[in-house]
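Notes for the one structure printed next.
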Amino acid sequence: MKRLIECVPNFSEGRDPAKVDAIVASMSAVAGVYVLDREMDADHHRCVVTLAGEPDAVAEAALRGVGKAMELIDLNVHTGAHPRVGAADVIPFIPIHGVTIEDCVALARRVGKEIWSRYRIPVFFYEAAATRPDRTNLENVRRGQFEGLRDELKRNHERQPDIGEPKLHPTAGVTVVGARKFLIAYNVNLNTPDVGIANKIAKAIRYSSGGLRYVKSMGVELKARNLAQVSINLTDFEQTPMHRVYEMVKREAARYGAIPVGSEIVGLIPKKAIEMAADYFLQVENFSPEQIFENKLESALAGMPADTGAKEGKLAGLARPFLEAVAAPAATPGGGSVAAFAGAMAASLGQMVAGLSRKKKSQLSLVDKLSDALEDMRRTAEELTVAIDRDANSYDDVMLAFKLPQGDAGEIKWREEAIQIATRAAAEVPLEVANRTVALFERLGQLAAIAAASMKSDLDVARLMAAAGAKGALANVEINLDGIKDAGYATATRERVSALRERLGETRTINA
């Protein structure tokens, strides 16, 4: 599958379909970009468009959308219920497949610079792309909205944009660009019209008030239905899943004599979020995403057959493509990819241990902790799976840099700089893998205290695999450091390597 990202630009226009059509048309004209969804809200005076495709194509589509919004929207005459600071108000990039959040941060920064270059619209960065901690939260960036920000920029240096001049575009304001994980807009309806109860529940569950991490929420009155609603934005469904949010809403509602009577999802939702909820609520024993028909079909269409016949078992058939790729007489995938794969296997085995343990009567009092461990292992396995290709790609980039021409002094200098940049990147990827696998090694040790006793041997194997992945990744860091001329960076990185080895229980001395 190709590298895929999602982008969900929010534009300050929700009442004129012709203008929204023009904005969407400007973005959909980019080859390789798919417009998956569009929603308009007249009260909010806002539209939300969902794009997907390869990173460069989606970035160009977002840029064209910003330009078209600048042509069509004048914030000086714009009013609506939703906070806004720009005609193209918010442009978030979300990793979907073969792309990391770090890749989306780099893309957001590039798009932000290009917005200023093309349109002279100042840019703020938020969420993972934020340049300052106080700008991580979008609400902080949008404080005061268009009018308030316009006045404050004249006197408050702390509100200056990250890119561009310290004043708003006269009609388009500013644009806030960021990188984040998939956001789920998830609302729970109550059997009461009392919005005060919904507000109390929202306060109890949202992170800013001491509630669940990655939850933003508020109470809303649904006059047409005579109901109150807890409106929720879930910013990281893997760490705080939907089912946990629903259960807490249900528990808090009971304190006020209310119950949920339904819930709704606004916009699109990842299939994985539904799988996680199904696993929790149905308590299906040994549940795996591979049991879902569409997942199995996608795997088959991608060239990984679900049934390889009598001569080769199902598991061997699934493993063989990667093993054959490693065995092939080519530099990649190599040791770094294998180290990441070992870590991913360890995390997957940890998922199995946590998943089976929470089904056992002897562990009923530990179900919540085991569910947390299961989600943690699942997230780590996914991150390390992505790192398999990232490591191979980083080494390929080094080889490409060495193949650059070196005819004159300028080409020689350019080639050497390219080699240094690529080599440093090739050290960073296994260092990330090492950090994750060492942390995984430690978490697997903690899991032993709550897992079923019958799972001990599986946990032992998982820890051995995690340690192997970590040691392999660290070996790859060290060999790349030998080619880096920045002595300060190399020394600091070797110190990080030594600290990680100590956490694994190693005493090996790292030569400077």
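The values are calculated or read from the model by the stated rules, or taken from the named source; none is laboratory data. Keep in mind that what you see is a predicted model, and the values were worked out from it rather than measured. In this analysis, Cβ positions are derived from the backbone assuming ideal geometry, glycine residues included, and neighbour counts consider all displayed protein chains.
Looking only at the range 250-282, residues that are basic (Lys, Arg) and either in contact with a strand residue (DSSP E or B) (Cβ under 6 Å, 6 or more places away or on another chain) or modelled with pLDDT of 90 or more (or both) come to 3 in all. Search the range 421-442 for residues being of a type outside the set (Asp, Glu), surrounded by fewer than 18 Cβ atoms within 10 Å (Cβ to Cβ) and modelled with pLDDT of 90 or more, and hand back the single one that is nearest to Ser394 (Cα to Cα). Going through the qualifying residues, I end up with Asn435.
For the structure I just gave you, tell me whether Glu247 is modelled with pLDDT under 90, surrounded by fewer than 16 Cβ atoms within 10 Å (Cβ to Cβ) and more than 22 Å from Glu383 (Cα to Cα). So Glu247 fails the test. Within the range 234-248, the residues that satisfy the criterion of being out of contact with any helix residue (DSSP H, G or I) (no Cβ under 6 Å at 6 or more places or on another chain), assigned to a helix (DSSP H, G or I) and touching a residue at least 24 places away in the same chain (Cβ under 8 Å) are Arg244, Val245, Tyr246.
Yes or no, residue by residue, for (1) out of contact with any helix residue (DSSP H, G or I) (no Cβ under 7 Å at 6 or more places or on another chain); (2) free of Cβ contacts under 8 Å to residues at least 40 places away in the same chain; (3) assigned to a strand (DSSP E or B); (4) under 20 Å from Asp236 (Cα atoms):
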residue: Phe93; (1), (2), (3), (4): no, no, yes, yes
residue: Val105; (1), (2), (3), (4): yes, no, no, yes
residue: Ser117; (1), (2), (3), (4): yes, yes, no, no
residue: Ile121; (1), (2), (3), (4): no, no, no, no
residue: Tyr126; (1), (2), (3), (4): no, no, yes, yes
residue: Glu147; (1), (2), (3), (4): yes, yes, no, no
residue: Glu165; (1), (2), (3), (4): yes, no, no, no
residue: Phe182; (1), (2), (3), (4): yes, no, no, yes
residue: Asn189; (1), (2), (3), (4): yes, no, yes, no
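Have a look at Val48, Val35 and point out the one that is in contact (Cβ under 8 Å) with a residue 24 or more places away in the chain and either surrounded by 20 or more Cβ atoms within 10 Å (Cβ to Cβ) or touching a helix residue (DSSP H, G or I) at 6+ places or on another chain (Cβ under 7 Å) (or both). Exactly one residue qualifies, and that residue is Val48. Put simply, of Ala316, Ala330 the only residue that is at pLDDT below 85 and assigned to a loop (DSSP other than H, G, I, E, B) is Ala330. Among the residues making up the range 398-419, those that are part of a helix (DSSP H, G or I) and either in contact with a strand residue (DSSP E or B) (Cβ under 7 Å, 6 or more places away or on another chain) or surrounded by fewer than 16 Cβ atoms within 10 Å (Cβ to Cβ) (or both) are Met399, Leu400, Phe402, Ala409, Gly410, Glu411, Ile412, Lys413, Trp414, Glu416, Glu417. Of Arg109, Arg64, all but one fail to be out of contact with any strand residue (DSSP E or B) (no Cβ under 9 Å at 6 or more places or on another chain), among the basic types (Lys, Arg) and outside any loop (DSSP other than H, G, I, E, B); the exception is Arg64. The single residue among Ala347, Ala354 that is under 19 Å from the mean Cα position of the chain (by Cα) and closer than 21 Å to Ser454 by Cβ turns out to be Ala347. Has the range 189-200 got at least one residue that is surrounded by fewer than 19 Cβ atoms within 10 Å (Cβ to Cβ), at pLDDT 90 or above and among the basic types (Lys, Arg)? Within the range 189-200 (the criterion being surrounded by fewer than 19 Cβ atoms within 10 Å (Cβ to Cβ), at pLDDT 90 or above and among the basic types (Lys, Arg)), the answer is yes, since at least one residue qualifies. Would you confirm, using the coordinates I've provided, whether Arg494 is surrounded by 18 or more Cβ atoms within 10 Å (Cβ to Cβ), over 30 Å from Val367 (Cα atoms) and of a type in the set (D, E, K, R)? Spelling it out, it is not the case that Arg494 is surrounded by 18 or more Cβ atoms within 10 Å (Cβ to Cβ), over 30 Å from Val367 (Cα atoms) and of a type in the set (D, E, K, R). Name the residue that is nearest to the chain's Cα centre (by Cα), counting only residues in the range 218-233 that are assigned to a strand (DSSP E or B) and more than 13 Å from Val195 (Cα to Cα). The extreme case among them is Asn233.
Filtered by the rule that a residue be over 24 Å from Ile479 (Cβ atoms), of a type in the set (A, V, I, L, M) and surrounded by fewer than 23 Cβ atoms within 10 Å (Cβ to Cβ), the range 375-397 gives a lone residue, Ala381.
Here is a yes/no grid of residues against (1) of a type in the set (Gly, Ala, Ser); (2) under 17 Å from Asp376 (Cβ atoms):
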{"position": "Ala228", "(1), (2)": "yes, no"}
{"position": "Ser231", "(1), (2)": "yes, no"}
{"position": "Phe237", "(1), (2)": "no, yes"}
{"position": "Pro260", "(1), (2)": "no, no"}
{"position": "Ser263", "(1), (2)": "yes, no"}
{"position": "Pro270", "(1), (2)": "no, no"}
{"position": "Ile274", "(1), (2)": "no, no"}
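Each residue in the range 4-31 was checked for being closer than 21 Å to Ile101 by Cα and either surrounded by fewer than 16 Cβ atoms within 10 Å (Cβ to Cβ) or hydrophobic (A, V, I, L, M, F, W, C) (or both), and 4 of them qualify. Scanning the range 72-91 for residues that are touching a residue at least 24 places away in the same chain (Cβ under 8 Å) and outside any loop (DSSP other than H, G, I, E, B), which turns out nearest to the chain's Cα centre (by Cα)? Applying the filter and picking the extreme gives Ile91.
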